[in-house]
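The values are calculated or read from the model by the stated rules, or taken from the named source; none is laboratory data. These numbers come from a predicted model, not from an experiment. Neighbour counts run over all protein chains shown; Cβ positions are idealised from the backbone, glycine included. The area values use the complete protein model at the heavy-atom level, side chains included, leaving out ligands, DNA and RNA. Shrake-Rupley method; radii C 1.70, N 1.55, O 1.52, S 1.80 Å.
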Amino acid sequence: MYGQKAVVNGLALELPRGVISGFVGPNGAGKTTTLRMLLGLIRPSSGEGEVLGSSIAHPAEYLAKVGALIESPAFYPSMSGQRNLEILCALGRHDAHRVDQLLTQVGLGDRGGDRFKSYSLGMKQRLGIAAALLPDPELLVLDEPTNGLDPGGIREVRGLLRALADEGLTVVVSSHLLSEIQTICDHLVVIDDGMLRYQGSIDGLLGAQTAEVVAVPEHASDLTKLVEVCTAAGHSARIVEDGVRASAPADWAPELNRRAMAAGITLAGLAVNRGTLEDAFFAMTDDDSHPIRAHLSDPEVTP
Amino acid sequence: MIGAFLSELLKLRRRGLLLGGGGLFLGFTALVTIIGIERASKTVSPEQRGFHVSVAELSQANGLVRGLDHAGPLMGIVMLGIFAAAFGSEYSTGMLRNLLVREPRRVQLLVGKFCALVVFGILVLLAAGVVSVVIAYALAPSKGIDTSAWSSSTGLSDLWSTMWHLTLSSLGFGTLGAALAVIFRSSVIALGVGVGWVLPAEAILAALWSNGQYWLPGQLLENLASGGSASVSLARTGLTLGAYGIVVAVATAYTFSRRDVAN
């Protein structure tokens, strides 16, 4: 509760072990509040939860196995990256040899002795990830881990997270970059207004969206005829620029090709637009009446 | 708690703090000792009493610790600043959330950090004591001060008790700084409130309230530094400060352990 407002309400998350889970929601949805509760930084006003089998009321029982980067990376600005990690290492009684190893792993091997305040945003982010990996965690919680990284850095972090998940680490990534989530995550949790909107595989979410089959006839004069072919097969269709967009499953594209040919239409192009995570996200968070949202609120679809 | 203690010691080893806080401490002690000896004269008129002492007084067994005595109150203020900065910076940098993820047992974190600061404070005070003694011995001959009584058993006893009282008093000021930093979640506000209370506010209250010397914490800490006074005994001072210390420790630990960390 924040004042009279429930920031997070009845949020039952189940994050599978050994996979990368994306945690998304609009600003103010309760993502950071949820992560802070899991990390023992704030206390829920009521309710209960478990992390790695231990109650969130006793964070000391599980935080030794959890690494976290919450919001922007925060360290002592006048100290070097290495000294900052050494301080956290001493506090958690972790193996001090990991400091150099992790600095190298995140690409700061030659800059570890520089002061934190002299780092670029990307370097600070890398140091934050290194700090999160200090305890050799079973669960890694990262809030916007690619924020400020250049394309090369984003690819490196993506590769690092994939490698960690392949080793059996459970990773939770909170991000506003939906394309990034779609690229690196296997599992997805969407929250809005402090409530769970979806949790399950990304493929499951995307599969719930209706695909679009886009057909471009060789002659523009065939556009209207092509729309009739689609509607005759029971799929709504409309003319868009030089082609026809039909709301139909992806596997209907070959059938459309055959029907167009039978109707004497030669297709110059045929493509399938599968929905993106962004489409699904806005469908869930913007419009209650949207068919995807209605579909996802079906208990048989939402795991 | 050991982890918190060790990590805070690592943090305190930074050059800026050693040169800034430690240097300020030692420099100030040296300055007060030098001025105290350099201004010593054969006779001191009643109007000159205060910071002026006579050569005869400095030649007594407690002459060696005169400089330390005078430096006491401001040493306390510096210590208040060091403790307030150490705790307040965790909030201003946002580092506190990193620390709490690595050590979620908040009271242990608090106590470990505090113990490390106490060790740091004792080392700095010891260094200040050594600096003062070395300077006093070095300058005494030039002013005709006889130092033979300084190394007598009485002189050494005075040195020990002065250092002891000064250490307790300075750590008391430091505890106040730490508590204010945790409560206000800012070293700047803690320093402002702490110094503002101890110096002008208590001075005004003490002038207006005749019993203020028995109850005002800053007055009591200064009294402790000087080893008690005729009006407020050392025992009473210690007991009152001990009670305050318990209240402050409980309030600070409760605040630190219960409050959400939202930044």
**Study point:** Residue list for region A:32-57, filter: surrounded by 15 or more Cβ atoms within 10 Å (Cβ to Cβ) and away from chain B (no Cβ under 14 Å)
**Key:** A:49
Practice item. Sort out which residues of region B:111-166 are free of Cβ contacts under 8 Å to residues at least 12 places away in the same chain and under 15 Å from the mean Cα position of the chain (by Cα), and write them in order of number. Key: B:123, B:164
Practice item. Run residue A:41 past the list (1) modelled with pLDDT of 85 or more; (2) outside any loop (DSSP other than H, G, I, E, B); (3) over 15 Å from the mean Cα position of the chain (by Cα) and report the number of the one that doesn't hold. Key: (2)
Exercise for review: Of the numbered conditions (1) buried (at least 22 other Cβ atoms within 10 Å of the Cβ); (2) within 13 Å of another protein chain (Cβ to nearest Cβ); (3) touching a Phe, Trp or Tyr at 6+ places or on another chain (Cβ under 7 Å), residue A:24 fails exactly one; give the number of that condition.
Suggested key: (2)
Review point. Is region B:40-50 home to any residue that is at pLDDT 85 or above, more than 10 Å from every other protein chain (Cβ to nearest Cβ) and either buried (at least 20 other Cβ atoms within 10 Å of the Cβ) or closer than 23 Å to residue B:253 by Cβ (or both)?
Key: no
Point to revise | Matching option when the condition is assigned to a helix (DSSP H, G or I), closer than 30 Å to residue B:61 by Cα and small (Gly, Ala, Ser), among B:129, B:112 | key: B:129
Check your understanding: If you check residue B:243 against the conditions, is it within 14 Å of chain A (Cβ to nearest Cβ), over 17 Å from residue B:76 (Cα atoms) and open to solvent by 40 Å² or more (accessible area, probe 1.4 Å)?
Key -> no
**Study point:** Complete set of residues in region B:89-99 that are within 17 Å of residue B:183 (Cα to Cα) and either facing another protein chain (nearest Cβ under 9 Å) or in contact with a Leu (Cβ under 8 Å, 6 or more places away or on another chain) (or both)
**Key:** B:89, B:90, B:93, B:94, B:95, B:96, B:97
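Please give the strands (runs of 3 or more DSSP E) falling wholly within region A:58-176 in which 2 or more residues are free of Cβ contacts under 8 Å to residues at least 24 places away in the same chain, over 21 Å from residue B:261 (Cα atoms) and open to solvent by less than 10 Å² (accessible area, probe 1.4 Å).
In region A:58-176, there are no strands (runs of 3 or more DSSP E) which contain 2 or more residues that are free of Cβ contacts under 8 Å to residues at least 24 places away in the same chain, over 21 Å from residue B:261 (Cα atoms) and open to solvent by less than 10 Å² (accessible area, probe 1.4 Å).
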Check your understanding: Quick check: anything in region B:101-116 open to solvent by 30 Å² or more (accessible area, probe 1.4 Å) and away from chain A (no Cβ under 14 Å)?
Key -> yes
Exercise for review: Go over the candidates B:18, B:10, B:26, B:6 one by one and state the one that is within 19 Å of the chain's Cα centre (by Cα) and within 13 Å of another protein chain (Cβ to nearest Cβ).
Suggested key: B:18
Practice item. Please go through region A:214-226 and pick out each residue that is without any contact (Cβ under 8 Å) to a residue 40 or more places away in the chain and open to solvent by 30 Å² or more (accessible area, probe 1.4 Å). Key: A:220, A:221, A:224
